Amino acid sequence: MSTSPSTPALSRTAIIRTLRAAGCVFAEDEAQLLIDAAPEPATLRSMVQRRVAGLPLEHIVGWADFCGLRIAVDAGVFVPRRRTELLVRRAVALSPPAATIVDLACGTGAVGRVIADRVDGVSLHAADIEPAAVRCARRNLEPVGGRVYAGDLYDPLPVALRGRVDVLVANVPYVPSAAVDLLPPEARIHEPLVALDGGADGLDVLRRVAAGAPEWLAPGGHLLLETSVDQVDAALAALAGAGLTPGMAGDDELHATVVIGRC
């Protein structure tokens, strides 16, 4: 990294101290990521200032490490969470080779991207209602042959996919509306509300996805949705009400819960 007389370089120690004071729990790791991403000292200072101001680290450096892959993350797009690794693992386990995969409310397309990396020959389709997310997902998915559509849930999907989807994943918003203001500032300020707010009990979008799934799933196909442990009973009831055979998976270490419906 080059230096200039007008912009002295920040030391790693100084950056760590600054990030710790701002409340960054993993200050050492974040400092190294910022240093590695900055082409010169002035940019590094700006990046540190933006992080201290609360901007998500992934929006600053432009990527997230998700399931061992570097996923492009643009400003204003929902950042992939580590807990969603459970959703990916279960989807991969249920995906046969050459499966048809649909990733609804795809955000960056991280879930679909990892499935495509781990399952041979998939036909990958994804959709999101947010224009910024659609642009970001195309950057992540088109290089592996994925197709990304702009629109609300199933609306933009090709009609030819009806009854042919082997695995349908949807990491839809599930935070109750009244709890959105309790989220960390980097989420509620810098991520789109449509990716966070799940309605009165957090399950409005999940119910819409469940209701539409039987029309799109192939016989024996699976729908997988991330939710919270407190919402499991209501989520399973939504799957059953849509005519799917419900089940669930959990991971205490990730604090993750996934509900699964079989067509």
Asp74: touching a residue at least 60 places away in the same chain (Cβ under 8 Å), within 30 Å of Thr18 (Cα to Cα), acidic (Asp, Glu) and surrounded by fewer than 20 Cβ atoms within 10 Å (Cβ to Cβ), yes or no? yes
Please determine whether any residue of the stretch 209-225 is farther than 19 Å from Ile101 by Cα and in a helix (DSSP H, G or I). no
Residue identified as within 14 Å of the chain's Cα centre (by Cα), open to solvent by 30 Å² or more (accessible area, probe 1.4 Å) and either closer than 22 Å to Glu130 by Cα or among the acidic types (Asp, Glu) (or both) among Glu28, Glu40, Glu85: Glu85
Condition met for Leu124 (aliphatic (A, V, I, L, M), modelled with pLDDT of 95 or more and open to solvent by less than 30 Å² (accessible area, probe 1.4 Å)): yes
For the stretch 133-145, how many residues are open to solvent by less than 20 Å² (accessible area, probe 1.4 Å) and either out of contact with any Cys (no Cβ under 9 Å at 6 or more places or on another chain) or in contact (Cβ under 8 Å) with a residue 60 or more places away in the chain (or both)? 3
Residues of the stretch 226-248 being assigned to a strand (DSSP E or B), open to solvent by less than 20 Å² (accessible area, probe 1.4 Å) and under 19 Å from Ser95 (Cβ atoms), in sequence order, are Glu226
Can you tell me how many residues within the stretch 179-195 are in contact (Cβ under 8 Å) with a residue 40 or more places away in the chain, of a type in the set (A, V, I, L, M) and outside any helix (DSSP H, G or I)? 1
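The values are calculated or read from the model by the stated rules, or taken from the named source; none is laboratory data. Computed from a prediction, not measured in an experiment: that's the story for all the values here. No Cβ is skipped: glycine too gets one built from the backbone with ideal geometry, and neighbour counts run over all protein chains shown. The accessibility values were calculated without ligands, DNA or RNA, using every heavy atom of the protein model including side chains. Shrake-Rupley method; radii C 1.70, N 1.55, O 1.52, S 1.80 Å.
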